[in-house]
Every structure is written in structure tokens, then in C-alpha cells.
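Asks: Attaching a single structure in C-alpha cells format; questions to follow.
The values are calculated or read from the model by the stated rules, or taken from the named source; none is laboratory data. As the structure is a computational prediction, the values presented were derived from the model and not from experiment. With ideal geometry, Cβ positions are generated from the backbone for all residues, glycine too; neighbour counts draw on all protein chains shown. Protein only, heavy atoms only, side chains kept; ligands, DNA and RNA dropped before computing areas. Shrake-Rupley method; radii C 1.70, N 1.55, O 1.52, S 1.80 Å.
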Amino acid sequence: MKTLSTIFIAISVIFGAIALVLSCVGIGTPNWQTTYAILNGQTQPVRTANFFYSCVFYPNGTRISCTSRVSDRNIGQYYPIDARGDQTEWNQHLDNAAGLCIVGIIFIFFGTVATLLMLPANWGLWIYWIGPTCYFLACLFMLAGMSEGAYVLYYNDYAANLYQTGHLLTIFSFAMSSVAAGHLYTLPEILNFEMPQREQYK
């Protein structure tokens, strides 16, 4: 049973690490929403955007410049957004989305580390609660962040797909960590229960 728990822990840590990398790359890449235009008979990207900044491209696909929302809150000047509400509301949604998604990434990290710490046998039973709890909170914060951002951006490019894949892998890691924690949490009780029975039949 302990060997099986070790396998679940390994799977959870591996997929948690992959989820962490994908989420970090996704949140930092501008291609959450890409706006295309037909130029010279070809479909070319003209603008990309994420929760933090937006980039503009030449007709040949070369990036011209990127503008941060921190330096320019008048996002209507450079964001390819088709959303209801004014710029203050848009910025509020994007601020909330950025914060929630980053908190979700932090919880992925702590969930992965806490799940890895389940391997040593000299920890108290409280350690088995931390990993699944952090993964669970990561799933909630990531989903809430993507929901907030969806008020403003259309997730139609690879950066959003990377973050969504990270969210999916976090859910899987949460399941594996929970199963392993359940096994290890109840293992002392099982051993204490089975030992007298084994002595009785000797």
C-alpha cells in the first residue's frame, strides 16, 4: 500500500511540475487573445493581448511594440477588445484575473512541494492535508482568474491554451495527491488493526 502511495505521489509531483511550467509560460506570454486581419491577401496577426500588456505587429508579422497596462490604463487605445463596459471596468477585470491566476500558480508550487514531502516517513499526519489542499486552492484560483479575464479577452491563442492545460494537469495532480494522502493517512490505523489479527492466527 505504501508503494502504491509512492507511485501516486510521484505522478502528482511530475504533473504538478509540468502544470507549474505551463502556467508560468502561459501567464507571461501575450498570446491569450490574437486579433487577425487580411493583409495583402493573407491572414496576419495585428495585435495580441494578455492580462498585463498588448503587442502590435507590422503587416509582415513582425512585432512593433508592446504596451503595459501599468504605464497606460487607457486600454482602448491598444487593446483589441470587444467587451461590454468602460475602460475602468475592463481594467478591474484584468487586474482581478492577473492576481487570481498568479495566486493559483503559487498554490501549484506549494502543492507540488507539499506532496513531495509526503515521501519521508517521519512527518506528522498533518503533512498529508497540505498538498491536496494547496492543489485544490490552485484549481479554484486559476478557474476564477480565467473567468474574470473572459469578461474582456477572447482566449483564442496558444498562451491561453497553455494556462488551461496547466489548470487541467493541476486537477489531475490534485486527484493523485488526494489518493496518496488518503492511503498514507490511514496506513497507521490499518497496520495497528491488522497486527493483532496476524498474531491470533500464528
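Asks: Please go through (1) part of a loop (DSSP other than H, G, I, E, B); (2) open to solvent by less than 40 Å² (accessible area, probe 1.4 Å) for His93 and return the number of the only condition it doesn't satisfy.
Replies: Result: His93 fails condition (1) only.
Asks: Among the numbered conditions (1) modelled with pLDDT of 80 or more; (2) open to solvent by 40 Å² or more (accessible area, probe 1.4 Å); (3) not in a strand (DSSP E or B), tell me where Thr3 comes up short.
Replies: (1)
Asks: On the basis of being part of a helix (DSSP H, G or I) and crowded, with 20+ Cβ neighbours inside 10 Å, does Leu143 make the cut?
Replies: It is false that Leu143 is part of a helix (DSSP H, G or I) and crowded, with 20+ Cβ neighbours inside 10 Å.
Asks: Need pairs with beta-carbon distance below 7 Å; first residue of a type in the set (Val, Ile, Thr) and within the stretch 139-163, second in a helix (DSSP H, G or I); sequence gap 6+ or separate chains.
Replies: Val152/Trp90; Val152/His93; Val152/Leu94
Asks: Also, I was wondering about something else. Could you check the stretch 99-132 and list, in sequence order, the residues that are within 23 Å of Ser23 (Cα to Cα) and open to solvent by less than 10 Å² (accessible area, probe 1.4 Å)?
Replies: Listed by number, the residues that qualify are Cys101, Gly104, Ile108, Gly111, Ala114, Thr115, Gly131.
Asks: Only one of Ala138, Ala160, Ala150 is open to solvent by less than 20 Å² (accessible area, probe 1.4 Å) and out of contact with any helix residue (DSSP H, G or I) (no Cβ under 6 Å at 6 or more places or on another chain); which?
Replies: Just one listed residue meets the conditions, Ala160.
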